[in-house]
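Since the structure comes first, as structure tokens, the remarks are kept for the end.
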Protein chains: 4
Amino acid sequence: MDVGVIGLGAMGLPVARNLLKGGHRVTVYNRTLGRAEGLAAEGIHVVESPYAAGQGDVLISLLSDDRAVEAVFLNDDQFIPSLAPKTVHVSMATISAAMGARLYEAHSEAGRQYVSAPVFGRPDAAAAAKLFIVAAGDKAAVDQCAPAFESIGQRTFYVGDNPVMANLVKIMGNFMIASTIETFGEAYATLRKYDVEPGAFLEIMTNTLFGGTAHKNYGAIIAEERFSPPGFKMPLGLKDVNLALEAAAAKSVPMPTASLIHDQLTSAMARGYGEMDWAALAQVIAENAGLPKKS
Amino acid sequence: MDVGVIGLGAMGLPVARNLLKGGHRVTVYNRTLGRAEGLAAEGIHVVESPYAAGQGDVLISLLSDDRAVEAVFLNDDQFIPSLAPKTVHVSMATISAAMGARLYEAHSEAGRQYVSAPVFGRPDAAAAAKLFIVAAGDKAAVDQCAPAFESIGQRTFYVGDNPVMANLVKIMGNFMIASTIETFGEAYATLRKYDVEPGAFLEIMTNTLFGGTAHKNYGAIIAEERFSPPGFKMPLGLKDVNLALEAAAAKSVPMPTASLIHDQLTSAMARGYGEMDWAALAQVIAENAGLPKKS
Amino acid sequence: MDVGVIGLGAMGLPVARNLLKGGHRVTVYNRTLGRAEGLAAEGIHVVESPYAAGQGDVLISLLSDDRAVEAVFLNDDQFIPSLAPKTVHVSMATISAAMGARLYEAHSEAGRQYVSAPVFGRPDAAAAAKLFIVAAGDKAAVDQCAPAFESIGQRTFYVGDNPVMANLVKIMGNFMIASTIETFGEAYATLRKYDVEPGAFLEIMTNTLFGGTAHKNYGAIIAEERFSPPGFKMPLGLKDVNLALEAAAAKSVPMPTASLIHDQLTSAMARGYGEMDWAALAQVIAENAGLPKKS
Amino acid sequence: MDVGVIGLGAMGLPVARNLLKGGHRVTVYNRTLGRAEGLAAEGIHVVESPYAAGQGDVLISLLSDDRAVEAVFLNDDQFIPSLAPKTVHVSMATISAAMGARLYEAHSEAGRQYVSAPVFGRPDAAAAAKLFIVAAGDKAAVDQCAPAFESIGQRTFYVGDNPVMANLVKIMGNFMIASTIETFGEAYATLRKYDVEPGAFLEIMTNTLFGGTAHKNYGAIIAEERFSPPGFKMPLGLKDVNLALEAAAAKSVPMPTASLIHDQLTSAMARGYGEMDWAALAQVIAENAGLPKKS
């Protein structure tokens, strides 16, 4: 299949390589050419304009946030109409529900095909082609992307007709992680005051009721206070919690836990933890309880 | 081994039977004799005084809360001294840290052996001898209980010397469940407003990041609004969150998520949901967002 | 003095009339001309373009929100430069700190004079020339406005050089009102359960520790459940709390009470109270406690 | 009138003196006799048993908390019956609703007269006979106390038949102060980040919408960071917020602002501010926003 890729960040690069490995003809575009260096030698077609990436069967965009998506797809109002009618544009970015809706509308108005398909998984999962893909949009369009998805992910979940639904699932999934961090933070803080080691509690939790990946990973990061270097930086975490709050506010849904976490992450920023992993939210909780850092 | 059991509630009864099945000599006492009916025919020794249950190798008490524990073990100040010196008293109740500390002190003063060993698992897990046992106390005393624990649980976790530590682990484990309910409630409420089915979101979450038992069970209960009949009643849930808040307050730890859940469960009680499962906390969240009940 | 007025809403109209009454030469512009009807007969100069209003000593804009301010002053990039160099533009709107900063910058770049001067007081206070004016900006520019301020307000407070400071004071003042509503709501709900009349509690509070206007007014509105017709509509209240949260977030300040009130007002919107006074936030609190409406 | 006084703390001592100044015959009892030293020379009758204080027209008890009240009035079950039938016992302590109800019940069972009359006012207001008295109980009994109340307070508010109602008013009044502190703390923190002086904001607030005593006093204490020496110590503030939460919980009322303040005060304790004024809650808020202490 002919697959274009726009955006060669920490996720885009391994995705492009896995598409090639999957037997697809891959055309990539990145705003700064440096990221594409060497890809040509690997057999990937590198182009200097996004227009050239949007003529195949599928165009995957892997941009960082609302602003980057807006810059490429909306600020240049010739771009979406330039996509080939057969091309399905798959946006994999974690963006706001509002931006998701604008993108959908812009494609619909231009008569172009749009699928939203954010992923769960960090760069190492992308490299291992183990991403979880959450797709929403016209069913036929999503089906057309299946060969590409198979090359980069371990499983695709189809959520529904409206592409925005996939954005929502991704946003709420991240909120669930945020809440996991906050919850471990509070539990650990109290346990430490009673001399129960967070690691001991974690072992019990993950071997009984909370055996999922998020609890294993974040539970350990927090128990061991491994906040630097960050896997996912504090400001990105705050951004994602804000996406949840905005999506909820737009539909008059109170999300008090999200509000609370927003406040805690804001305090983390104020305390100068902006370069740490967002799990350092637990550090804020520990400090509020008068607990010292582990040495 | 000679094992006494005090308290034949929904958990105590299957525990007693599994002890018998495990080859132990079992002596049971219950305040109301009716619960013990028929047990003699099964081969269990039924006694009419708690004193008679506390002369074996292990005395397991499975009482419902602080008040019940206080009534049996503390209000009668002759009872603990009446235990045989070799007997290890194992309290499996979910009680407050403060009551746990009082029990520990009372046994120590009387020179008697005390282990705290609350369990994770509902009555069906008790019946299947699949409980998770969280034990704390003198290591030799805990070891002495191993044959009994093996007959009733699938795994024992040893937390530390001070019995109160096990109470804390149990309390914080329940807090983690409460937070799971609240988090699903908030996420589902927003998703429903965007026409994403809670069940679809749940399938994605449990197959990716949140594959543990608590998320599978409670995620489904809430998605399907299966709040009656209750698996664990609202007031018990509120009681457990209060145990977390009290334990935290006693050591000056703020637990804002626990406070928030306390407020939501309080509203559930005010709305008349006291007979429902504590997962109906999610119903409060849905109503606060103006969402109708599923039909 | 020559005073222009842009915006003849519930506040702008009485302000224009009081300026005339104060002996000033008043020129008004409103987007929809209907609002200006009859003013010419009163002696006010009505113009059909905002350009004609910005040539006097002072131009007072009384627009409703960020969007309206942006439409008039920023979207037309010829407008600010068209102001006479001697004219001081006084923005009295309750706008975001971010918009305040953009306005300030746009005036500075064009070499025009800008003062921010939001007011405390409802339309009746505006009609009675009893507004409280909170002014910030270049001191000389603020002084130049004194004759106009004297005609419309009872007192002017000068906050500092940077016009944004006045926006902040207004935003935080409104947050204090919001918190007053929430606080009364919670206290009344508990008191009602103990058969203490909110009105009795209010009388005690306002005669002892809380004798200010906000407590007298809002305490009575809530005690009497006078939520319709609204004095200040729910969505405006929510907007103002959001202004506080945004200003705080921009500087990494957690405002947990504001977050909490945001959630409660959001629930009020979800419950269909969008046409009620924002004090109906107390109705949400009462319902959460299972309390009936007063008949 | 014959008036007994039990409890010669910071409030009891000036109250006793003002009763004497008001022309009453005053009999005082204090657990530690030292506090009564010198009073005999002033003309006050000092007795060595509480029994001797409860034979006049009115017995005013001014004890510090639930525990002190319980010690004197409930632990000795002969004490209440020993009161003269004509004596009205007036409890002025800030106690829990639950303790208030127990006291009421104990007096009723013994056929003795009981009025609850907590006060608003600090020791300096007590010395100046400027207390505000909030009284509840049998109307005739309250009326009987009027001459005593006139000698010590500036105004008495009658709340209702059930003495517990007065406890509730006092508890909720203190909650309103707590909320005022929290609200100022949040507003000041944001304002400081925009270079607006808290003192400037305070002047505007107290001259416009928030002119009451609580705002003037606490607004200034926080703006000036006058947290030591304490006027009202942190743990007492936390105790009072807990009284509000307990009273609310007993009737299934969520009080989210009270919960939030509970968490903040808990953090204040954890940070080591237990010897400071409870207004240092604002210090917690400032620190959470990364703000330095004023020098």
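The values are calculated or read from the model by the stated rules, or taken from the named source; none is laboratory data. Owing to the predicted nature of the structure, the values given are computational and were not obtained by experimental measurement. Note that we place each Cβ from the backbone using ideal geometry, even for glycine, and neighbour counts take in every protein chain shown. The protein model used for the area step is the full one, side chains on, heavy atoms only, and it has no ligands, DNA or RNA in it. Shrake-Rupley method; radii C 1.70, N 1.55, O 1.52, S 1.80 Å.
Below, the figures for the structure above:
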item: Vicinal HN-Hα couplings computed from phi for region C:153-159 (Karplus, 6.51 cos²θ - 1.76 cosθ + 1.60; Hz; Gly/Pro x); result: x, 8, 6, 10, 10, 9, 9
item: Average partner coverage of C:169-182, which counts Cβ from other chains inside 10 Å; result: 5
item: Of D:Ile6, D:Pro123, D:Val46, farthest towards positive along the dipole that unit charges on Lys, Arg, Asp, Glu beta carbons give region D:1-154; result: D:Pro123
item: Share, in percent, of DSSP beta bridges within the protein assembly as shown that are antiparallel, nearest 5; result: 15
item: Accessible area expressed per residue, region C:196-295, with surrounding protein chains retained (probe 1.4 Å, Å²); result: 33
item: Carbon and sulfur %, accessible surface of region A:97-139 computed with the full protein complex present, 1.4 Å; result: 53
item: DSSP bridge orientation in chain A - percent antiparallel, rounded to nearest 5; result: 15
item: Rounded Å value of the spacing that divides the Cα centres of region A:85-163 and region B:218-295; result: 36
item: Å² per residue, accessible surface of region A:6-87 at 1.4 Å; result: 47
item: Copy-to-copy label separations for D:Ala71, where each label sits 7 Å from Cα toward Cβ, in nm and ascending; result: 3.2, 6.9, 7.0
item: Table column - 3J(HN,Hα) (Hz), region B:107-115, Karplus curve with 6.51, -1.76, 1.60, x for Gly and Pro; result: 5, 4, 4, 8, x, 10, 8, 9, 10
item: Dipole magnitude of region A:124-231 about its Cα centre (Cβ charges: Lys, Arg +1; Asp, Glu -1), debye to nearest 20; result: 80
item: Relative contact order (percent, whole number), region A:1-48, Cα cutoff 8 Å, 6+ residue spacing; result: 38
item: Accessible-area composition of region B:190-295, carbon plus sulfur, in percent [1.4 Å probe]; result: 52
item: Size of electric dipole in the protein assembly as shown: Cβ of Lys, Arg +1 and of Asp, Glu -1, about Cα centre, debye, nearest 20; result: 0
item: Furthest towards positive pole of dipole, A:Ile80, A:Leu202, A:Val241, structure part chain A, Cβ charges; result: A:Leu202
item: B:Arg155 long-range amide H proximity, modeled H, under 5 Å; result: B:Ile133
item: Residue-by-residue Karplus 3J(HN,Hα) for region C:70-87, coefficients 6.51, -1.76, 1.60, Hz, glycine and proline x; result: 4, 4, 7, 9, 10, 5, 9, 6, 8, 6, 4, x, 6, 5, 5, x, 6, 5
item: Radius 13 Å from Cβ of B:Lys216, net charge of other residues (Lys, Arg +1; Asp, Glu -1); result: -2
item: Calculated FRET efficiency for the pair C:Glu275/D:Asn242, C-beta based, R₀ 56 Å, to 0.05; result: 0.90
item: Solvent-accessible area buried by C and D, counting both chains, probe 1.4 angstrom, square angstrom; result: 5100
item: Cβ-derived FRET efficiency at R0 51 Å, B:Asp195 paired with B:Ala250, nearest 0.05; result: 0.65
item: Accessible area of C:Asp263 in the full protein assembly, 1.4 Å probe (Å², nearest 10); result: 20
item: Chain B: calculated mean residue ellipticity at 222 nm from DSSP helix runs of at least 4, using -39500 (n - 2.57); result: -14500 deg cm²/dmol
item: Positive minus negative residues near B:Val88 (Lys, Arg vs Asp, Glu; Cβ under 12 Å); result: -1
item: Cα-Cα pairs of chain A separated by more than 32 Å (percent); result: 31
item: Interchain or long-range residues, amide H under 5 Å from A:Gln113's placed H; result: A:His89
item: Solvent exposure, largest accessible area first (probe 1.4 Å, DNA, RNA and ligands not counted), of D:Lys193, C:Lys294; result: C:Lys294, D:Lys193
item: Relative contact order computed over chain D (Cα-Cα under 8 Å; 6+ residues apart), in percent; result: 14
item: Gyration tensor (alpha-carbon) shape descriptor, the protein assembly as shown, a/c threshold 1.5; result: oblate
item: Region C:32-112 - percent relative contact order, Cα under 8 Å, separation 6 or more; result: 32
item: Test item: D:46-57 mean partner chain Cβ contacts at 10 Å; result: 0
item: 15 Å beta-carbon shell around B:Lys130, net charge (K/R +1, D/E -1); result: +2
item: Amide H partners (placed H, <5 Å) of B:Val46, local residues excluded; result: B:Val28
item: Signed unit charges on C-beta, dipole axis of region C:108-231, positive-most listed residue C:Thr190, C:Ile221, C:Gly137; result: C:Gly137
item: Estimated FRET transfer efficiency (B:Asp124, A:Lys293; beta-carbon r; R0 41 Å; 0.05); result: 0.45
item: Crossing angle, helix A:213-223 versus chain A [Cα axis fit, 0-90 degrees, rounded to tens]; result: 50
item: Copy-to-copy label separations for B:Glu109, where each label sits 7 Å from Cα toward Cβ, in nm and ascending; result: 2.6, 7.7, 7.9
item: Within chain A, longest stretch clear of exposed GluC sites (Glu not before Pro) (DSSP loop, no more than 14 other Cβ within 10 Å); result: A:49-223
item: Accessible area of D:Cys145 in the full protein assembly, 1.4 Å probe (Å², nearest 10); result: 0
